[in-house]
Amino acid sequence: MSLFDGEPEGPIRSTKGPLRALAMPLAERMRPRTLEEYTGQEHLLGPGKPLRVQIERDSFNTSGGGSMILWGPPGVGKTTLAKIIAETTKANFVEFSAVMSGIKEIKQVMAAAAQAAEMQSRTILFVDEIHRFNKAQQDAFLPYVERGTIRLIGATTENPSFEIISALLSRCRVYVLQPLAEERIAGLLRKALEDGERGLGALHLEADDEALELMASYSSGDCRSAYNTLEVAAQLAQAGTEAGDAARKIDRALAVEAVQQRVLMYDKSGEEHYNLISALHKSVRNSDADAALYWLARMFAAGEDPLYLARRVVRMAVEDIGLAAPEALNLCLSAKQAMEFLGSPEGDLALAEAVVYLCLAPKSNSVYTAYAAVQAEIEHTRQEPVPLHLRNAPTRLMKELDYAKGYRYAHDEEGRVADMDCLPDSLRGQSYYKPTQEGREKQLAARMEEIRRIRAGKRVG
């Protein structure tokens, strides 16, 4: 029997000595029970901080206590914080799972809360993974939150701006919880190893600091993940004990074996997806090749669709490199073709080459800016008719109406430039494209100035 198997009601005992482990997962056993045990989030829970004061004074049970959303990545203590509030408040505390519940369960809880309110008793409703509720389910909370029948505490790993309806969000204060620092997580793992009551102290395991630091690093700020890794490491360390061998020390090699694979904070449909692609794009824009390669590799390692990355790289060439290095667009399109032809991981290198080139290429957003200005012009001004001299005149009637009258064929003009306005009369003289002095655009700027001189000379003549 594995050391970590057993009946759910209580501890199990090894047949080889006084080793003892609870059936409950280590992360659950080590969950902080008070604010003093809680680690991290000093910006919210430090002495004198509003949320700490609210908890200590139990202002959730008064009219001054508002609803809140706890937003942060997995394993940073959102549920733990809610449970600590449950222990300190005098209100009725109801825990609710968005994964397991629907409209029927919501209505039942709301009815019970309304009855409690009639007896001057308040209800705090904790909804884990509130982002999983659809609009109709979230709407069901709204009237009770508005009337103060319930105080809502929602926990979410997704950006509330996108996942929670605005009417509900406007009635809640959003608290952002940050990933735990690696040194904090390593300290918690050490504490779990030494804790004989709730942790793994009864196993009398030794662990190198380097091993714990590695597990903390691989958790990506997720304390629950780090505890799970430590629990696996403990199993591996004790694997030979039942056969009569000495317990194995948790060293770096065993930690690597336990980790198996780095926990990547990434969700291809969630906010972190957009955070990472934003980091990649802005690193390219800032000509930081090292950072751009890092973010590109992070997205590849997390399983991002290579063609999505290829499309974004092509967009960078168009938006941020532009005519300063027009060959960049062809290079990025070639990288996309190489990715389709080779697939991953071989094709990844083609995109990496394109990203490095974009970083080192001269930058210009002049066309991007010019086109946006033209779009704004079109949106906010009347639709001007095409000047008569720019219209074709394939029929006699059109010629009689002066279509094409005054048109001058540029190839027959000196310098291949005619003194002819091509914008509508109301926009005559307007300038949208303003080239920079970067890369190839410096030559384009000189050519534009030459065209202006030719036109000006013909007008003087």
query = Would the range 138-154 turn up any residue that is part of a helix (DSSP H, G or I), free of Cβ contacts under 8 Å to residues at least 60 places away in the same chain and closer than 23 Å to P74 by Cβ?
reply = yes
key: Yes/no for A373 being in a helix (DSSP H, G or I), within 30 Å of V314 (Cβ to Cβ) and either in contact with a strand residue (DSSP E or B) (Cβ under 6 Å, 6 or more places away or on another chain) or touching a residue at least 12 places away in the same chain (Cβ under 8 Å) (or both)   = yes
key: Criterion (outside any loop (DSSP other than H, G, I, E, B) and either open to solvent by 40 Å² or more (accessible area, probe 1.4 Å) or within 24 Å of L81 (Cα to Cα) (or both)) met by exactly one of A255, A226   = A226
task = List the number of the failed condition for G415; all other conditions in (1) touching a helix residue (DSSP H, G or I) at 6+ places or on another chain (Cβ under 6 Å); (2) open to solvent by 50 Å² or more (accessible area, probe 1.4 Å); (3) not in a loop (DSSP other than H, G, I, E, B) hold.
result = (2)
Residue under evaluation L188, criteria (1) among the aliphatic types (A, V, I, L, M); (2) open to solvent by 20 Å² or more (accessible area, probe 1.4 Å); (3) modelled with pLDDT under 90, criterion not met = (3)
message = Show the residue pairs meeting these rules: Cβ distance below 9 Å; 6+ apart or different chains; first residue within the range 301-314 and touching a residue at least 24 places away in the same chain (Cβ under 8 Å) and at positive phi; second residue among the charged types (D, E, K, R) and loosely packed, with under 12 Cβ neighbours inside 10 Å.
response = none
ask   = How many of the residues making up the range 358-367 are over 26 Å from the mean Cα position of the chain (by Cα) and either open to solvent by less than 80 Å² (accessible area, probe 1.4 Å) or within 20 Å of S278 (Cβ to Cβ) (or both)?
value = 6
inquiry  = Looking only at the range 376-392, count every residue that is open to solvent by less than 100 Å² (accessible area, probe 1.4 Å) and in contact (Cβ under 8 Å) with a residue 12 or more places away in the chain and tell me the total.
reply    = 10
query = surrounded by 15 or more Cβ atoms within 10 Å (Cβ to Cβ) and at pLDDT below 85: does that describe L264?
reply = yes
ask   = Quick one: which of R459, R447 is modelled with pLDDT under 90 and not hydrophobic (A, V, I, L, M, F, W, C)?
value = R459
request  = Among the candidates D425, D348, D402, single out the residue that is out of contact with any strand residue (DSSP E or B) (no Cβ under 9 Å at 6 or more places or on another chain), surrounded by fewer than 13 Cβ atoms within 10 Å (Cβ to Cβ), of a type in the set (D, E) and modelled with pLDDT of 90 or more.
outcome  = D402
inquiry  = Quick check on my filter: what residues within the range 180-198 are more than 27 Å from H43 (Cβ to Cβ), assigned to a helix (DSSP H, G or I) and of a type in the set (D, E, K, R)?
reply    = E194
message = Filter the range 319-338 down to the residues that are open to solvent by 10 Å² or more (accessible area, probe 1.4 Å) and among the aliphatic types (A, V, I, L, M) and list them by number.
response = L323, L329, L331, L333, A338
inquiry  = For the condition modelled with pLDDT of 90 or more and surrounded by fewer than 15 Cβ atoms within 10 Å (Cβ to Cβ), what is the one hit in E197, E183, E206, E213?
reply    = E183
request  = Kindly indicate which of G65, G46 is surrounded by 14 or more Cβ atoms within 10 Å (Cβ to Cβ), modelled with pLDDT under 90 and among the small types (G, A, S).
outcome  = G65
Selection from the range 420-449 of residues that are part of a helix (DSSP H, G or I) and more than 23 Å from K363 (Cα to Cα) = D425, S426, L427
request  = Out of A136, A112, A117, A167, report the one residue that is more than 23 Å from P50 (Cβ to Cβ), open to solvent by 30 Å² or more (accessible area, probe 1.4 Å), modelled with pLDDT of 85 or more and aliphatic (A, V, I, L, M).
outcome  = A167
ask   = How many of the residues in the range 170-179 are part of a loop (DSSP other than H, G, I, E, B), open to solvent by 20 Å² or more (accessible area, probe 1.4 Å) and under 22 Å from V76 (Cβ atoms)?
value = 2
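The values are calculated or read from the model by the stated rules, or taken from the named source; none is laboratory data. A quick note: this is a predicted structure, and the numbers were derived from the prediction, not measured. Neighbour counts are summed over all protein chains in view; Cβ atoms, including those assigned to glycine, are modelled from backbone coordinates with ideal geometry. Heads up: the accessible areas ignore ligands, DNA and RNA and are worked out on the full protein's heavy atoms, side chains in. Shrake-Rupley method; radii C 1.70, N 1.55, O 1.52, S 1.80 Å.
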